[in-house]
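Trainee: Got a structure for you, written out below as structure tokens; questions coming shortly.
The values are calculated or read from the model by the stated rules, or taken from the named source; none is laboratory data. Small disclaimer: the values here were computed from a predicted structure and weren't measured. Every residue, glycine among them, receives a Cβ derived from its backbone with ideal geometry; neighbour counts consider all protein chains shown. Side chains included, ligands, DNA and RNA excluded: accessible areas come from the protein's heavy atoms. Shrake-Rupley method; radii C 1.70, N 1.55, O 1.52, S 1.80 Å.
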Amino acid sequence: MSILAIRPLKNLLSFLTVFPVKMDENLLTDCAKNMWAFPLIGALLGFLTGGIGWVALQFLPGLVVGALTLALLLWLTGLHHTDGLLDFGDGLMVHGNAEKKIAVMHDQFTGAGAIGLTLMTYIVTAFAFAEFGPSISIAGFWVPLIIPGLIIVELCAKLSMVVVAWRGKSVHPGMNSPFIEAMHGTGGIYRLIVALVVSSAFALPLLGWSGLFVVAAAIITGLVMTAIAHRNINGVTGDVFGATNELTRMVCAVVLLAVLTWV
């Protein structure tokens, strides 16, 4: 596993965000080999949106800021994962074998399953973000929760995709194949461990034990999504990765609020 260098970093930013970074011809290969760094990109996105969200909280109600913050995150990721969430929702709602479900996920129609799952996911996420207004104590300093909260939540959304790649098998050759291949075998174990260490290195200082609970929630969500995908379509596709990112963001935002309430 190579140390994250300029070219892989550019490719990761190009692949996971809408930042105007030029793609390299080795885009998928570089991103797959450096999948351990997915949480770093998530942390960057969370920091940017959290900072903007904090500024917005000075002028707007929390509910509006929650919706705007989610909208900004979706825009920064180019809505790529939203497409996966829509297709995954349609596939889950269809009765039949794996081939039929995959065919529905690949068609051009948007059904009730897609709309229902996507609406529920984004409504819950926006409401959860709306509750990120209060401040919390970090190393003796009071910091608005929206900044560390969004850093960890978006970091965990990316971590869950690493878990899916490590645990899942590919349904068919496609854009998902390089990631699954890179995350299997000894190299995959190392990449997973580094991704977990990176995630914990952010979560513990920023949110303490609450942050580690959120990281655990991301791991569990990734494993559950892999199991659901294997049961329904006999493996993992690019749509499963996208859906996992969006659903994990929602789950982790809710888990964070729950843990902070109980602790």
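Trainee: Using a 1.4 angstrom probe on heavy atoms only, work out the carbon and sulfur share of the accessible area of the chain in %.
Mentor: Carbon-and-sulfur percentage of accessible area, whole number: 72.
Trainee: Quick check: net charge around Asp239, other residues with Cβ under 10 Å of its Cβ, Lys/Arg +1 and Asp/Glu -1?
Mentor: Charge balance near Asp239 sits at -3.
Trainee: For the range 98-109, just list the computed ³J(HN,Hα) in residue order, Karplus coefficients 6.51, -1.76 and 1.60, θ = phi - 60°, integers in Hz, with x standing in for Gly and Pro.
Mentor: Each residue of the range 98-109 in turn: 4, 4, 5, 5, 5, 4, 5, 5, 9, 6, 8, 9 Hz.
Trainee: Report, by chain and number, residues whose modeled amide H sits under 5 Å from the one on Ile136, excluding near sequence neighbours (fewer than 5 apart, same chain).
Mentor: Val143, Leu145
Trainee: Can you give the net charge of the other residues whose Cβ lies under 14 Å from the Cβ of Ala103, counting K and R as +1 and D and E as -1?
Mentor: Result for the local shell: -3.
Trainee: At 222 nm, what value in deg cm²/dmol follows for the chain if DSSP H runs of at least 4 each add -39500 (n - 2.57) and the sum is divided by all its residues, to the nearest 500?
Mentor: My calculation for the chain gives -25000 deg cm²/dmol from helical runs alone.
Trainee: Describe numerically, in nm with one decimal, the distance between label points set 7 Å from Cα along Cα→Cβ at Asp107 and at Trp209.
Mentor: My value for the distance between the label points is 5.1 nm.
Trainee: Can you give me the relative contact order of the range 2-156 as a percent, contacts being Cα pairs under 8 Å and 6 or more apart?
Mentor: This gives 30 percent for the range 2-156.
Trainee: May I ask which residue of Ala112, Gln58, Trp262 lies farthest towards the positive end of the charge dipole of the chain, with charges of +1 (Lys, Arg) and -1 (Asp, Glu) on Cβ and the Cα centre as origin?
Mentor: With unit charges placed on the Cβ atoms, the residue in question is Trp262.
Trainee: Also, I was wondering about something else. Rounded to the nearest 0.05, what FRET efficiency do Met93 and Ala227 have when you use their Cβ-Cβ distance and R0 = 25 Å?
Mentor: Working from the Cβ atoms, E equals 0.90.
Trainee: Would you mind checking the range 184-224 for residues with the amide N under 16 Å from a putative spin-label position 7 Å along Cα→C-beta of Lys169?
Mentor: 184-185
Trainee: Another question, then. Put a dot 7 Å past each Cα toward the Cβ at Ile138 and Ala201; how far apart are the dots in nm?
Mentor: Taking the simple label geometry, Ala201 and Ile138 are separated by 1.6 nm.
Trainee: Report the residues of the range 15-33 in range of a label on Thr186: point 7 Å along Cα→C-beta, backbone N strictly under 18 Å from it.
Mentor: 33
Trainee: A further question on this structure: Could you pull out every residue, at least 5 positions away or on a different chain, whose amide H is within less than 5 Å of the one on Ser170? Hs are placed 1.01 Å off N in the peptide plane, and Pro or chain starts have none.
Mentor: Val236
Trainee: Sticking with this structure for a sec: Once the other residues with Cβ under 13 Å from the Cβ of Met183 are scored (Lys, Arg +1; Asp, Glu -1), what is the net sum?
Mentor: Charge balance in the 13 Å sphere: +3.
Trainee: Continuing with the same structure: Solvent-accessible area per residue for the range 108-196 at a 1.4 Å probe radius, Å²?
Mentor: Heavy-atom SASA per residue in the range 108-196 reads 45 Å².
Trainee: For the chain: lysine pairs with Cα atoms under 21 Å, gap of 8 or more or different chains, count?
Mentor: 9
Trainee: With +1 on each Lys and Arg Cβ and -1 on each Asp and Glu Cβ, how big is the dipole of the range 1-105 about its Cα centre, in debye rounded to the nearest 20?
Mentor: About 200 debye.
Trainee: Let me ask another. When all protein chains stay in place, what accessible area (Å², nearest 10, 1.4 Å probe) is found for Leu159?
Mentor: Using a 1.4 Å probe on the heavy atoms, I get roughly 0 Å².
Trainee: Please return the longest stretch of the chain lacking exposed loop sites, where chymotrypsin sites (Phe, Trp or Tyr not before Pro) count only if DSSP places them in a loop and at most 15 other Cβ atoms lie within 10 Å.
Mentor: 110-263
Trainee: Using a simple spin-label model with points 7 Å from Cα along the Cα→Cβ vector, what separation in nm is obtained for Ile193 and Val124?
Mentor: For the pair Ile193/Val124, the computed spacing is 3.4 nm.
Trainee: Any idea what the dipole of the chain comes to, in debye rounded to 20, about its Cα centre with Lys/Arg Cβ at +1 and Asp/Glu Cβ at -1?
Mentor: So the dipole magnitude of the chain works out to roughly 420 debye.
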